[in-house]
Amino acid sequence: MKFLPKSNYVTYTQHYSGKPTLEAYIDQTKTDLNENLPTIYKQRKPNLTKQVRHAKANLKKQRTIITIKPADKNLGIVIMDTDDYLHQCSTLLADKTTYRLAQEYPTTDIQRKLQNTISSFAPQIKSLHKDLYNTLVPNIKHTQPPKFYGIPKIHKQFTTLPPVRPIVSHSNSILSPSASFIDHILQPIARHYPDYLHNSTLLQKTLQDLHVPDDAILVTIDVESLYPSIPQTECINIIYNEMHKHKELLLCDPNLIIRLLHTHINYNYFEFSTLILQQTKGTAMGASFSPTIANIFLSVTLDLFLRTQQSKPLLLKRYIDDILLIWPHSLDKLNAFLTALST
């Protein structure tokens, strides 16, 4: 979606008042890298020795009996027996409240739903960019079903095998372009909430300007299994209401985004090994828009919750599902606050 125009909103860099030139330089460097890295990689000579390349080739031959995955939290590389890896994934997918077996991947149905939605908003879509209309409904010959895989959580306590975090890769799927489009449109809304953290630089600046009492309590909270746990209907209702509240941050009609979101949630199918499954609860961890709609959902939910509380934190900041609180009241009041929040 890089060809789309930027929406009319203030970026996190403009919010930052410490060293704007540094943040602008970082942003520009990221842009330059995205543009130039493909060319650089094509020109680069192999940096592995002949012996290492031979070892790499032999390792590939073992891929039927071992599985190599990145560890969760960027903690390195994990090598597992493939049977063990498949067992851990299968155990996770056996949750019938979240997943169900399907007979086939409904490519034709998804294409028809997308085509109907895009056709209904054709003039508006074409006004955003001449290539957008055809991009949102790709040629099915060049697509494939989303792929499920798990990344081992080696930072968790386990006795024999580490649990895995479920990821659904949408690369080259028929829904991938529309997922990126939804993400592009909704990001300005997600970023405007006061609890939203884009990066650690903003957190550092916030803490530097904050007077913290000596007896304040530092609290960190994590949302358990956020993406599969988000209630679908409630989440879509929140996003619809927030889009209407903040139309000045949008590039298009909110109804277009809602119809696309319905398609993604109703057709959240994926492939694992020889199976086709459907996720019936929450949103897929791997879809481009999932962090963005999770951010909107949590910001609104936390704001509604805070309005019901007499004792409030001095600071509440959040990076997706990781929440930081500075609590200026008693420990008893903190426990009551956390119990109410969990409820």
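Under 5 Å between amide hydrogens, built in the peptide plane, is the criterion, and for A102 it picks out I276, L277, Q278 among residues at least 5 positions away or on other chains. Checking every one of the chymotrypsin sites (Phe, Trp or Tyr not before Pro) in the stretch 110-201 against DSSP loop status and a limit of 15 other Cβ atoms within 10 Å picks out F158.
Considering all different alpha carbon pairs of the stretch 147-283, the Kirkwood hydrodynamic radius works out to 18.3 Å. The convex hull drawn around the Cα atoms of the stretch 82-168, when projected onto a plane and averaged over every direction, covers 9.0 nm². Measuring with a 1.4 angstrom probe and ignoring ligands and nucleic acids, I326 comes out at about 10 Å² accessible.
Just check the chain against the gyration tensor rule for me: Cα atoms, a ≥ b ≥ c as the square roots of the eigenvalues, rounded for a/c under 1.5, and otherwise prolate or oblate depending on whether a/b exceeds b/c. Judged from the Cα gyration tensor, the chain comes out rounded (a/c under 1.5). A viscosity of 0.890 mPa s and a temperature of 25 °C, combined with the Kirkwood radius over C-alpha pairs in the Stokes-Einstein formula, give the stretch 246-306 a diffusion coefficient of 179 µm²/s.
Overall, the accessible surface of the chain at a probe of 1.4 angstrom is composed of carbon and sulfur to the extent of 53 percent.
Quick one: grab the alpha carbon gyration tensor of the stretch 231-343, order the square roots of its eigenvalues as a ≥ b ≥ c, and give me rounded if a/c is under 1.5, else prolate or oblate depending on whether a/b is larger than b/c. Oblate is the answer for the stretch 231-343, as a/c is 1.5 or above yet b/c matches or exceeds a/b. Shown in residue order for the stretch 70-77 are the 3J(HN,Hα) couplings computed by the Karplus curve 6.51 cos²θ - 1.76 cosθ + 1.60 at θ = phi - 60°: x, 6, 4, 6, 6, 9, x, 10 Hz (x for Gly and Pro). For the stretch 151-228, list log₁₀ I(q)/I(0) at each q in 0.13, 0.19, 0.23 Å⁻¹, using the Debye formula over Cα point scatterers of equal strength and ignoring solvent, two decimals each. Taken in order of the listed q values, log10 I(q)/I(0) reads -0.79, -1.12, -1.18. Could you tell me the relative contact order of the chain? Use alpha-carbon pairs under 8 Å, at least six residues apart, and round to a whole percent. After rounding, I find 21 percent.
For the chain, the solvent-accessible area with a 1.4 angstrom probe is 58 square angstrom per residue.
The values are calculated or read from the model by the stated rules, or taken from the named source; none is laboratory data. None of these values were measured; they are calculated from a predicted model. A quick note on method: Cβ atoms are made from the backbone with ideal geometry, for glycine too, and the neighbour counts reach across all protein chains shown. The area values use the complete protein model at the heavy-atom level, side chains included, leaving out ligands, DNA and RNA. Shrake-Rupley method; radii C 1.70, N 1.55, O 1.52, S 1.80 Å.
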